[in-house]
Every structure is written in C-alpha cells, then in structure tokens.
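Every number in this text was worked out from the coordinates using simple rules, so none of it is lab data. Predicted, not measured: the structure shown is a model, and the values here were computed from it. Neighbour counts run over all protein chains shown; Cβ positions are idealised from the backbone, glycine included.
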Amino acid sequence: MKWAGDMIESRGLPAAPESERIVLGSCLGDVEVFDHVRLALDETSFSLTENRRLWVTLCEARDAGIGVDRAAIAQRLKERGLLEAVGGFGRLVDLDADIPHGLVLDPHLDTLNEKATLRRAIVALNQALLRCVEPGNDSAEALAYARGLIEKIEKNSPIQTPLQSIGAIIEAVGIEEFCAPKASMANATPLPDEWPEFRKIYPFFRPGQLIVLAAHTSQGKSAMALHIALSCVRRGLPVAMFSMEMDNLEIGHRAASHLAEVDSYVHLNGHMTKEERLRYQAAAAQLCELPLLIDDRTASTVPAIVASMARTKTKPRLVIVDYLQIMEAAGRADTRASAVAEISRGLKRLATQYQVPVLALSQFNRDAAKQRRRPELYDLRESGAIEQDASTALFILAKQGDEDKPFMEVTIDVAKNRGGRKGEVRMMFEKPYSRFTEIGNTG
C-alpha cells in the first residue's frame, strides 16, 4: 500500500511555481492587474515562502499608497531586510520575463487556488489521520472530526461556485432577520432629524454603500457633508472625514459655527459679541467630546485612506471624502477619466470591505451650466464610472448667480437611489452656519 507521506516527501506538496511567477510578475507595476488578482488570491495561495513574502509586501505597499512598481517594492523589501529573502532585485526583474502582452491571468489564478485547496486538504487529512491513531479516540468521533475539517475547506475554498440557492441565502441570515428589514438596518447611519421631508425619501445611509453628493462650485457640498457628519457624531456615531479641500482647523471652525449658530465670517474677522463668543466656546467644548475624526493629509489616494482607516482604533459609521476629482489614482492612468474611474471603484471597495457608507463629494462638469439646464447623472465630472459605482447620487441644485449669497434656496435631488425612492426637497443653504434647513417639498 502506498503512503501519502512517502509521495509528498518525494514529490513535494501540490504547487504551480510557474503560475506563481506569472501572477506576481504581472502584478508588478500594474495596479489594475494587482487589484483584480487580489480579489481572487491571498497569502496562502502561494506555495513558495519567497513568493508569499513578496505578495504580502505588494499588499502592504498598495494599502499604504506607495504603488506596486518594481522600484518601490524593492525599496520596501530592502528597508525591511527582505530583499535577498525573495531572491534579490534580479529576481524582481526576471519575474515578468517572457510573459506575453495581454496574457489572460484567470487560468493561472484558478490553478493557484486549485493547488492551495489541495495543500489545505492534505494538512486537514493529516490532522484527521493523527486523530485516528491517537489512543482513546473512537471511530465515530474521528470520522466526525475528519468530516468537519473537509467541510470547512469546501466552505472556504475560493474555487467554490458563487451560485447559492435562495433557501440557503435566507437560512444563512435567519428567517426572522430576513423578514425584519428594520433589524437588518441596525447599522445604518441616519440622516439629520431636522430634515423630515428628505428622510421620507432617503432616511439613512446603508453599510457598504457609495453615496455621491454632487454640486457646482460654492453650492454647499462640503457644508452639507459637515451637517450630516455633525448629526451623526451628536448621536454618538463616529465619522471619519478625509479632506483635500479644507485643513482640519477650518473644518473645526465651521463645525463650531454650525453648533453655535455664529456666522463663520464674524468669527473669522473677530467681531463676535460677548454672547456669540460664549456660544462659540461652548460649541468648541462640545466638539472636543464628539467622535469626529479628521484627516487632511493622507486622502490623496484610496490606498492611503484605507491605510489611515486601518490604523484607527475607532470604527467609523460614516466615511466622508472631500472631494473625488482632486484625488489621485494610486497607479498609472492613461487619462484623467480612467484615473477617476479607478478612484471611484476603490471607494466602492472601501465601502464594501469595511461595511461602512462612504459619502464622496463630486463636482459637475460645466456643460449643464453653459447649456442652462439641470445637471444629470452623466454630468458628474470626468467619469461615467462614478454614476455606475454609486448606490446613491444626491444633487445640490441652485439658481445660477446665487453662489455669492449667504442664504440661498436650493433643491436637493435624489437623482439615483438603487432600491429606493427618488425625489426632491427644497432647502435653504445657510452658508454662514454651514447648515441646510428644509423649506418644503417640491413634490
């Protein structure tokens, strides 16, 4: 009788070193390829230690916003004393040798997943074998143990079919939870109570959603995002704001003006009355106790935002990015439209990965203003991918020429709401207080 141990000793564990080389070589220098591969593989997909180390380094570099080009990866490995452990710089150069342009990687990904699953099965069966030969174990217990290990591998196997019966889906969440939508929204992020008409149309942000809030310049998108953020943190729900428009102190001053109902211009010019100063100081003290997290430095790329999120101990219930069009793509992009498309996809992945709503601010292009018409979804500046990736699109619509008015009437248009209602609500944008107040529903 042949023994598996003897065969493993002579042949080694199942592996596909050439497919590992091709996959890693294709990832080096190409962020889009890496992101595609990362959805299919993890560290255990690679059999060789040096390849696992290189894969982990690629993931860390991508999350840190450093990039995945060969020079950046080599420098990161060198700083950690791992460059020689992965074969040196020469091996990094050779990884993509003879890989034809346009190679379809999916068959290689399937191969790596197949070999990884076999390795997991060997480890599991070895554990089951040890259980069988240990004194005192009966056959029923040993068989149940072996069956459980195999079922766990099948359940977690990346090559299992994603098709599931509707019955299995319902059973996975439980019938009671499935039939109680309010319970399933326990982690939803509610919109401000002072917007009752708006909440009839759009009551909350759901976990995993990408919500786009769009407006022309100076029409209140940052102010509306801040209003929503303050509503959340006053309920005790943490909010993370990533701002490339304002520094953290400016955001703080606007937040204090909102809470104190003190004109931000009056504060800026030092003309507050004694009463206003007391209210402003009380608002500042209140802000010190609220879970509002602000990052005005690292939000230039999506991986940098992910890295910042990973380092905070407080899990936010809402992430705000201000704003989308001035972010940078982490990798090379042929056009600005393709760069924005990568950013949009990245923010959607962020929302899904952390199961948190992401409110991304966006600008309209100038076509609608030039043509004197209402903006549509296709007017979102620089990329149609924003329209596709967003679960919800909220528009702030103001009359032309009203941008410099401290108080201006605007229409908030729920232009897209996947699985929900669309509609409009009229509001007053009170610029001195970074506040929006409802004035009625337009129908």
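Label region 51-141 by shape, choosing from rounded, prolate and oblate, from the square roots a ≥ b ≥ c of the eigenvalues of the Cα gyration tensor; if a/c is under 1.5 it is rounded, and otherwise prolate applies when a/b is larger than b/c, oblate when it is not.
Values: a/c = 3.21, a/b = 2.06, b/c = 1.55.
Here region 51-141 falls in the prolate category.
From the Cα gyration tensor of region 4-156, with a ≥ b ≥ c the square roots of its eigenvalues, which class applies: rounded if a/c is under 1.5, or else prolate if a/b is larger than b/c, or else oblate?
prolate
Using a Förster radius of 51 Å, what is the FRET efficiency between CYS179 and HIS271 based on their Cβ-Cβ separation? Nearest 0.05, please.
Details: r = 58 Å, r/R0 = 1.14.
According to the calculation, E is roughly 0.30.
At R0 = 56 Å, how high is the FRET efficiency between MET428 and ILE169 if r is their beta carbon distance? Nearest 0.05 is fine. Mind showing how you got there, number by number?
Details: r = 45 Å, r/R0 = 0.80.
Taking R0 as 56 Å, the efficiency between MET428 and ILE169 is 0.80.
Given a cut-off of 31 Å, name the pairs among LYS274/LYS315; LYS78/LYS348; LYS274/LYS405; LYS200/LYS313 whose C-alpha atoms lie farther apart than that in the structure shown.
LYS274/LYS315; LYS78/LYS348; LYS200/LYS313
Out of ALA310, LEU191, GLY420, whose Cα points farthest toward the positive end of the dipole of region 189-440 (charges: +1 Lys, Arg; -1 Asp, Glu; placed on Cβ)?
GLY420
Any chance you could run the full-extension gain for ASN248 through ASP98? It's 0.36 nm times the residue separation minus the Cα-Cα distance, nm to one decimal.
Contour length minus Cα-Cα distance gives 49.1 nm.
Rounded, prolate or oblate for region 185-246? Axes are the square roots of the Cα gyration tensor eigenvalues, ordered a ≥ b ≥ c, and the cut-off for rounded is a/c under 1.5.
Prolate, since a/c reaches 1.5 and a/b exceeds b/c.
As an exercise, use a Förster radius of 60 Å and the Cβ-Cβ distance of ILE439 and LEU129 to find the FRET efficiency, rounded to the nearest 0.05.
0.20
Grab every C-alpha pair in region 189-440, bin the distances at 5 angstrom width from 0 up to the longest one, and report whole percents.
Calculated P(r), rounded to whole percents: 1, 6, 14, 18, 20, 18, 13, 7, 3, 1, 0, 0.
Might you report the magnitude of the Cβ-based charge dipole of region 4-156 about its Cα centre, with Lys and Arg at +1 and Asp and Glu at -1, to the nearest 20 debye?
Charge dipole of region 4-156: 300 debye, to the nearest 20.
Please give the contour-minus-distance gain from LYS315 to ARG38: 0.36 nm per residue of separation, less the Cα-Cα distance, rounded to one decimal in nm. Display every interim value, and only then the final one.
On the way: separation 277, 0.36 × 277 = 99.72 nm, distance 2.34 nm.
In short, 97.4 nm is gained.
Once you list every other residue whose beta carbon is under 13 Å from the beta carbon of GLU276, what net charge do they have if Lys and Arg are +1 and Asp and Glu are -1?
Around GLU276, the charge tally is 0.
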